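What follows is a single structure, written as structure tokens, with notes after it.
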Amino acid sequence: MVLNYFNFQEFDSPDEIGSGMPTEQGGKMNKEFLFKLDEARMLAGTPFKITSGYRSEAYNKELRKKGYKASNNSSHCKGCAVDIAVNSGLQRSAIVCALAKVGFTRIGIAKTFVHCDLDKEKQNSIWLYD
């Protein structure tokens, strides 16, 4: 499997090298998710800097201890979520529109990042972070 706009290392949990690979290749990321994200990047016409991809349970717990809003039931730990850095309203708009266009139905919007996931165990939603 090859992505046009990403390398799999971008999705690695910091404590688990290789976890950013698709599950079919020994990693932890969902293949459908990766293809949709790659398509959204093409449509958006702006780089997607991944600030958080797959998270091991241990790393997710560490984030919670540091005060981050890392859910006990995080979609990142399931390999079907990322956070994408944003630095302007124009870039945020392009990213959110592209994500919605390719079929992401769970999108979180913050000042400095956009979260998206394909967690089928969670209700579809668009939300704002404080």
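The values are calculated or read from the model by the stated rules, or taken from the named source; none is laboratory data. Bear in mind that the values here come from a model prediction, so they are computed numbers and not experimental data. Cβ sites come from the backbone with ideal geometry, for glycine too, and all protein chains shown count toward neighbours. In case anyone asks, the SASA skips ligands and DNA or RNA and just uses the protein heavy atoms, side chains included. Shrake-Rupley method; radii C 1.70, N 1.55, O 1.52, S 1.80 Å.
Of note:
- Of all the residues in the range 53-69, those that are more than 13 Å from the chain's Cα centre (by Cα) and closer than 21 Å to LEU99 by Cβ number 1.
- Residue within the range 31-51 that is closer than 18 Å to LEU128 by Cβ and either out of contact with any strand residue (DSSP E or B) (no Cβ under 6 Å at 6 or more places or on another chain) or outside any helix (DSSP H, G or I) (or both) present: yes
- Among the residues of the range 87-130, the ones that are of a type in the set (Phe, Trp, Tyr), surrounded by fewer than 17 Cβ atoms within 10 Å (Cβ to Cβ) and in a loop (DSSP other than H, G, I, E, B) come to 1 in all.
- Condition met for ILE84 (closer than 23 Å to PRO22 by Cβ and within 13 Å of the chain's Cα centre (by Cα)): yes
- As a summary of the residue check, ASN60 satisfies the conditions (1) touching a Cys at 6+ places or on another chain (Cβ under 7 Å); (2) farther than 22 Å from ALA110 by Cα except for the one numbered (2).
- The range 69-86: number of residues that are out of contact with any strand residue (DSSP E or B) (no Cβ under 8 Å at 6 or more places or on another chain), part of a loop (DSSP other than H, G, I, E, B) and either farther than 20 Å from ASN30 by Cβ or of a type outside the set (Ser, Thr, Tyr) (or both): 4
- When the range 1-48 is limited to residues that are among the hydroxyl-bearing types (Ser, Thr, Tyr) and open to solvent by 20 Å² or more (accessible area, probe 1.4 Å), the one that is nearest to the chain's Cα centre (by Cα) turns out to be TYR5.
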